[in-house]
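Visitor: Please find one structure pasted underneath; my questions will follow.
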Amino acid sequence: MIELLRRVLRSPQGALGLVLVGLILLVVIMGPWIAPYDPESLAPLQRYKPPSALFWLGTDQYGRDILSRLLHGARATVVMAVFATALGTLAGAVIGTISAFLGGRSDEAIMRTVDAVMAIPSLLLALLIVNLLGKSSWNALLAIAIAFTPGMARVTRSVALAVRKQDYVNAAIARGESARFIVWREMLPNVVAPIIVEMTIRVAFAVMLFATLSFLGLGAQPPASEWGLMVAEARRFMHLSPWMILWPSLAVAFVAIGFNLLGDGLRDALNPRT
């Protein structure tokens, strides 16, 4: 782990990504405790206040402190995105590994099904799922996980095909081990590295996708302080207070850039050629 950290820090994008993600995690953990105000406290006389010593990032249409809402909303946005990515990654990794292990017609049938699902854009697929399940943060999380599963299955399969030919897998087959044992104990642990890199990069897309669903009114619902929902609520008041839409938009961009840079650093660090 220490050696991996050193490799990540050797690349400028990896070091910067690690710093940004570290700051994001700090906000996720400490945000509710360092927020200066209650994020849902209404103050009609303080509406549309610009950034000042009292309200560092200004206030929204209800007089709520934007900084406090951003700090509280970090959990609703980042944690949900990470959880959705992890769920989709796990499902895709299992499907891809099983497909590579089975081979033949089973592999062909699984991959053609995956290709058919992948033909639907991730956002459109997520929109369809949320519309079927109903509007809520948890349904949005499930929709994003399902949308990410086919892509992760194909990435995992490409790596698992090489692992399938290794001697330790053939030895497990010769010993008469079950397919479940071979997939979970022999193959999956050896495809973790590229999966981690892909997962880290996909977190950035999950954050933007989750914010998009909330922006469209299909994810988090008012009075939640989710960043996409904050942007959606603020767009009607851009002419009165442009900072209302500026800060949550920058927060989403900050998270996406941080995880993308960290993913690039991990890819270089885990590349056996380097």
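The values are calculated or read from the model by the stated rules, or taken from the named source; none is laboratory data. Only a predicted model underlies this, so the values are computations on that prediction, with no experimental measurement involved. When we count neighbours, we look across all protein chains shown, and the Cβ atoms used for this are built from the backbone with ideal geometry, even at glycine. Heads up: the accessible areas ignore ligands, DNA and RNA and are worked out on the full protein's heavy atoms, side chains in. Shrake-Rupley method; radii C 1.70, N 1.55, O 1.52, S 1.80 Å.
Visitor: Using θ = phi - 60° and the Karplus form 6.51 cos²θ - 1.76 cosθ + 1.60, what ³J(HN,Hα) does each residue of the stretch 163-177 get, whole Hz, x for Gly and Pro?
Guide: 5, 4, 8, 6, 5, 5, 6, 4, 5, 5, 5, 5, 6, x, 5
Visitor: Looking only at 210, 259, 83, which one moves most when the chain is put into a Gaussian network model with springs between Cα atoms under 10 Å?
Guide: Most flexible of the set in this elastic network: 83.
Visitor: Specify the residue with the greatest mean-square fluctuation among 253, 174, 147, computed from a Gaussian network of the chain linking alpha-carbon atoms under 10 Å apart.
Guide: 174
Visitor: So, one more: Treating the Cα atoms of the stretch 47-89 as identical point scatterers in vacuum, please give the log10 of the normalised Debye intensity I(q)/I(0) at q = 0.14, 0.24 Å⁻¹, two decimals.
Guide: -0.44, -0.73
Visitor: Let me check I've understood the local charge: for residue 116, count other residues with C-beta under 14 angstrom from its C-beta, Lys and Arg +1, Asp and Glu -1. What total comes out?
Guide: 0
Visitor: Could I ask something else about it? How much net charge surrounds residue 197 when only the other residues with a Cβ under 12 Å from the Cβ of residue 197 are counted, with Lys and Arg +1 and Asp and Glu -1?
Guide: -1
Visitor: For residue 59, what charge total do you get from the other residues with a beta carbon under 11 Å from its beta carbon, if Lys and Arg give +1 and Asp and Glu give -1?
Guide: Within the 11 Å Cβ shell, the charges total +2.
Visitor: Please build a GNM for the chain, connecting alpha carbons under 10 Å apart, and tell me which residue among 40, 226, 177 fluctuates the most.
Guide: 177
Visitor: Need one number for the stretch 123-274: average projected area of the convex hull over its C-alpha atoms, nm².
Guide: 11.6
Visitor: Within the stretch 28-135, report the trypsin sites (Lys or Arg not before Pro) that DSSP leaves as loop and that have at most 12 other Cβ atoms within 10 Å.
Guide: Sites meeting the loop and neighbour criteria: none at all.
Visitor: OK, next. Once all Cα-Cα distances of the stretch 51-162 are split into 10 Å bins that start at 0, what whole-number percent is in each one?
Guide: Calculated over all Cα pairs of the stretch 51-162, the distribution is 14, 31, 24, 16, 9, 5, 1 percent.
Visitor: Taking only C-alpha pairs under 8 Å that are 6+ residues apart, what is the relative contact order of the stretch 106-250 in percent?
Guide: In percent, rounded to a whole number, it is 23.
Visitor: How big is the gap, in Å, between the Cα center of the stretch 23-86 and the Cα center of the stretch 129-203?
Guide: Measuring centre to centre over Cα atoms gives 35 Å.
Visitor: Per residue of the chain, what 222 nm ellipticity follows from adding -39500 (n - 2.57) for every DSSP H run with n ≥ 4, rounded to the nearest 500? Before the final figure, lay out the partial values.
Guide: Values: 11 runs with 187 residues, N = 274.
Helix-only estimate at 222 nm: -23000 deg cm²/dmol.
Visitor: Quick one: how many Å² of residue 19 are accessible to a 1.4 Å probe, rounded to 10?
Guide: For residue 19, the solvent-accessible surface is approximately 90 Å².
Visitor: Report the percentage of all Cα-Cα pairs in the stretch 18-94 whose separation exceeds 13 Å, rounded to a whole percent.
Guide: On the way: 2046 of 2926 pairs.
Of the Cα pairs, 70 percent sit more than 13 Å apart.
Visitor: Here's a follow-up. Which is farthest toward the positive dipole end of the chain among 39, 139, 183, measuring Cα position about the Cα centre, with Cβ charges +1 (Lys, Arg) and -1 (Asp, Glu)?
Guide: 183
Visitor: Here is a further query. Across the stretch 27-41, in residue order, what do the Karplus-derived ³J(HN,Hα) couplings come to in whole Hz, using 6.51 cos²θ - 1.76 cosθ + 1.60 with θ = phi - 60° and x for Gly and Pro?
Guide: For the stretch 27-41, the Karplus curve yields 5, 4, 6, 9, x, x, 8, 9, 5, x, 9, 5, x, 10, 6 Hz.
Visitor: Same structure, new question: Please report, in whole Å, how far the alpha carbons of the chain spread along each principal axis, starting with the longest.
Guide: On the principal axes, the chain reaches 76, 45, 26 Å in Cα extent.
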